[in-house]
Amino acid sequence: MTILRGPLRAQPAMVALGGVAGVFGLFQVTRITVAGVAGFDSPLFLEWFGSEIATIVGTLVALVGSFAMTAARAPEGVHERAGQLRFDPYHGLRTPAWLARRADLDTDRAAESGLPSSVVLVRVRDLDEIAAGFGRPLALEAFERVAEEVVAGVPRDVLAGTVPHVPATIVIVAPGADETAVLELVGMLEQYLRAISVREGEVELPVLCDLTPATGSTSWRRLVSQAAAEADAAQASRSTT
């Protein structure tokens, strides 16, 4: 039986379906045989293979089949949900866990080949001020617009996501990218982020972004910390001037 071949046989529900289907097939063969030998009106046929018994057996097969198909779909549903968790459904960015997993893998490969890696931090300038003056929904919209442009602008071999310890920041990891390559990436992103604005009533606010790169042969996490420190220092310097 094809139900019990391949990966399906590892699922108990499908094994149960196979067993019930086999019993149902045997019941049908026996029912036809008895009808042919003793007749449809015989007491033997009516008592053991009549329409009432056939209905009960058919219902049992339908119930087990429905349960088995639902159970068979469950692993696929888990896989689909896991796939969705790789990316933030609102921003399109990689979630922290999946960014870390992929960045570890890709930057380690680059290091084995003797290549450095780079990161770029993208922050919306004055995001807290936007939230305080116009409300958090507008600040969230500004961040979402930036995230949308970043996802559209980065090459396929570049990772864009978030990390827990650097809030309100988009982290871009470019495995194998040296200083020249990361400056080209920054220039390209600046083109994408140049004309973003958000509107609150009659007020249109330009969304300005700060891009802070860091390059080295150390781990991408240390590069993120290095770039975050530089970004914090630059923000503090602007606040005091």
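The values are calculated or read from the model by the stated rules, or taken from the named source; none is laboratory data. Not measured: the values here are computed from a predicted model. Neighbour counts are summed over all protein chains in view; Cβ atoms, including those assigned to glycine, are modelled from backbone coordinates with ideal geometry. Surface accessibility is based on the protein's heavy atoms, side chains included, excluding ligands, DNA and RNA. Shrake-Rupley method; radii C 1.70, N 1.55, O 1.52, S 1.80 Å.
Every listed requirement among (1) under 25 Å from the mean Cα position of the chain (by Cα); (2) of a type outside the set (Asp, Glu); (3) under 20 Å from Ala111 (Cβ atoms); (4) open to solvent by 60 Å² or more (accessible area, probe 1.4 Å) is met by Val163 save one, (4). The number of residues in segment 167-224 being touching a Pro at 6+ places or on another chain (Cβ under 6 Å) and either open to solvent by less than 10 Å² (accessible area, probe 1.4 Å) or part of a helix (DSSP H, G or I) (or both) comes to 2.
Of the residues that make up segment 197-209, is at least one on the phi < 0 side of the Ramachandran plot, of a type in the set (Asp, Glu) and at pLDDT 95 or above?
No - not one qualifying residue is present in segment 197-209.
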